[in-house]
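What follows is a single structure, written as C-alpha cells, with notes after it.
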Amino acid sequence: MLKNDLLIRALQRKPVHRTPIWIMRQAGRYLPEYREVRKKTDFLTLCKTPELAAKVTLQPVEIMDVDAAIIFSDILVVPEAMGMRLEMLESQGPRFLEPIRSRSDIEKLVTPDVSQALRYVEDAIRLTKRELHGRVPIIGFSGAAWSLFAYAVEGRASKDFKVAKELIYACRSDAHALLQKLNRVLTDYLLLQIEAGANAIQLFDTWASLLSEDAFLEFSLTYIQETVQTIKTKYPNVPVIVFAKGANTVLSEIAKTGCDAIGLDWTIDIGRARWQLADRVALQGNLDPMILYAPHDVIRKEAAKILQKFGEHSDASGHVFNLGHGILPDIDPAHLKTLIDFVKSESTKYHHQIQFSLTQKDKKDDSVS
C-alpha cells in the first residue's frame, strides 16, 4: 500500500491535492551522495549490483523528497543482454564495441530470458521496494526500440546518427527486423520490472527528434504502441508514460497508443499541449533543465508559469511536474530542492476539485459531530 500515491493518481488523471514531482536522472551526478558511491565503482558495476543500484535509487527520495523513485539503470542494458559488448567510458559515454552493420549481425543477437539476463534490475527493484516501505511509487523504465536501435547501429551517441538513419532508409526490412527483436526483449524487460514491483513504467525515446513525422510513425511509434498494448493488456492498472523527446508534432498519435501519460520536452507550451490533447492523457513536464542554473527566484517564476499554463482553465489533475529532459550533472542540489518545494506548495491552488471535495467532507464531518 502506497503512503504517497500522488504520482499514480495523477498519471491516471484522478484528483490530487497537489501536483506530484519527480525528476528525470534524479539519481545521478548532481548529488554529492551519488558521487561518493561512484568513487568506489564504475557505472556498469553500479547498475549491475542490486544493493548499490537500490541505494542510489533511494537517495533523491530521502534527500530531495520527490514523489517517486525511478530505478537506477541504463537503457543500453537491453542490447547488452542481447549479446552486444557495451563499454562505458567516463569521458565519451557509452560505446558498443561491435555495432550492428548487417543482417547477419542482427541474426546473431540473442533473445534472452530477461529474468536471467537482467535479473540484477529485478533484484534492485525488489530491494528498493523493501527499503521504501510504501513511501512513494517506483518507476521502471526502458529505452524505446528506436533509441536502442540508434545506439546499437551507430555504436555511440552522435549528432546525426548517420549510420542508423542510413539503415532505416536503405534497408527497411533489416531495420524492422532489428526493431522487432529489440522491442520483444524490452517489452519482456518492462513486464519483468512490473512483476518485481514497479508501480509505473516510462518508455524513453530519447532520439525521436532524429526522425521525420512519417519516419517516427513507422520506425518508432509502431513499436511503442506494441509495447504499451502488451503492458496494458497484462497490467491494465500500471500507468505507462511515453517520453519521445522532440516528437511534439505527433502528440495525438502518441496518445492513441493507449499510454496513460505523455512526457513533454521543454520546447512546447504545456497548456497548448493539454488543449490539443483534450485531456485524453496525463502530461508530464516540462521545465527546461537549464533553468536550474538560474537564481532561486527565477526557478520559482518559471515553474509557476508551467503550473499556471496547465491549470489555469480547469482543475490541474493529470499533471506530473518534471524537467523536459534529464537533470544536468553540475546543477546545485539546492536549486533542485527549491523547485521541488515550490511545486509542492504552489500547485495546491490549481487543484480545485480535490480541495472542494475535502471542504465538503469537512463540512459533513462537522455537522455529524
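The values are calculated or read from the model by the stated rules, or taken from the named source; none is laboratory data. Since the model is a prediction, treat every value here as computed from it, not as a measurement. Neighbour counts run over all protein chains shown; Cβ positions are idealised from the backbone, glycine included.
The figures follow:
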read-out: Residue in the range 213-223 that is assigned to a strand (DSSP E or B), within 17 Å of Leu186 (Cβ to Cβ) and within 19 Å of the chain's Cα centre (by Cα) present; value: no
read-out: Neighbours by Cβ (under 8 Å, 6+ apart or cross-chain): first from the range 158-187, buried (at least 19 other Cβ atoms within 10 Å of the Cβ); second of a type in the set (Asp, Glu); value: Phe161/Glu154; Ala164/Glu154; Leu167/Asp174; Asn183/Glu226; Thr187/Glu226
read-out: Check on Phe149, part of a strand (DSSP E or B) and not hydroxyl-bearing (Ser, Thr, Tyr); value: no
read-out: Lone qualifier among Ala215, Ala196 - being within 23 Å of Ile254 (Cα to Cα) and not polar (S, T, N, Q); value: Ala215
read-out: Qualifying residues in the range 119-137 (those that are over 21 Å from Val185 (Cβ atoms) and touching a strand residue (DSSP E or B) at 6+ places or on another chain (Cβ under 9 Å)) - the one surrounded by the fewest Cβ atoms within 10 Å (Cβ to Cβ); value: Arg135
read-out: Of the criteria (1) surrounded by 12 or more Cβ atoms within 10 Å (Cβ to Cβ); (2) more than 20 Å from the chain's Cα centre (by Cα), which one Glu90 fails; value: (1)
read-out: Any hit, the range 279-295, residues being modelled with pLDDT under 95 and over 27 Å from Tyr120 (Cα atoms); value: yes
read-out: Inter-residue pairs, beta-carbon under 9 Å, first outside any loop (DSSP other than H, G, I, E, B) and in the range 250-275, second modelled with pLDDT of 95 or more and of a type in the set (Asp, Glu), 6+ apart; value: Val250/Glu213; Glu253/Glu213
read-out: Breaking point among (1) free of Cβ contacts under 8 Å to residues at least 40 places away in the same chain; (2) under 19 Å from Ile8 (Cα atoms); (3) surrounded by fewer than 21 Cβ atoms within 10 Å (Cβ to Cβ), for Val228; value: (3)
read-out: Lone qualifier among Pro32, Pro20, Pro112, Pro99 - being touching a residue at least 40 places away in the same chain (Cβ under 8 Å), surrounded by fewer than 20 Cβ atoms within 10 Å (Cβ to Cβ) and within 27 Å of Val320 (Cβ to Cβ); value: Pro32
read-out: All positions within the range 63-82 that are of a type outside the set (A, V, I, L, M, F, W, C) and either crowded, with 22+ Cβ neighbours inside 10 Å or part of a helix (DSSP H, G or I) (or both); value: Asp67, Ser73, Pro79, Glu80
read-out: Counted residues, the range 195-212 - those being part of a strand (DSSP E or B) and either among the aromatic types (Phe, Trp, Tyr) or without any contact (Cβ under 8 Å) to a residue 24 or more places away in the chain (or both); value: 1
read-out: Some residue of the range 294-305 being buried (at least 22 other Cβ atoms within 10 Å of the Cβ), of a type in the set (A, V, I, L, M) and over 25 Å from Arg9 (Cα atoms); value: no
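Per-residue answers, yes or no, for (1) over 20 Å from Arg13 (Cβ atoms); (2) within 24 Å of the chain's Cα centre (by Cα); (3) at pLDDT 95 or above; (4) not hydroxyl-bearing (Ser, Thr, Tyr):
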position	(1), (2), (3), (4)
Gly311	no, yes, no, yes
Ser314	no, no, no, no
Gly324	yes, yes, yes, yes
Lys349	no, no, no, yes
Thr359	yes, no, no, no
Ser369	yes, no, no, no
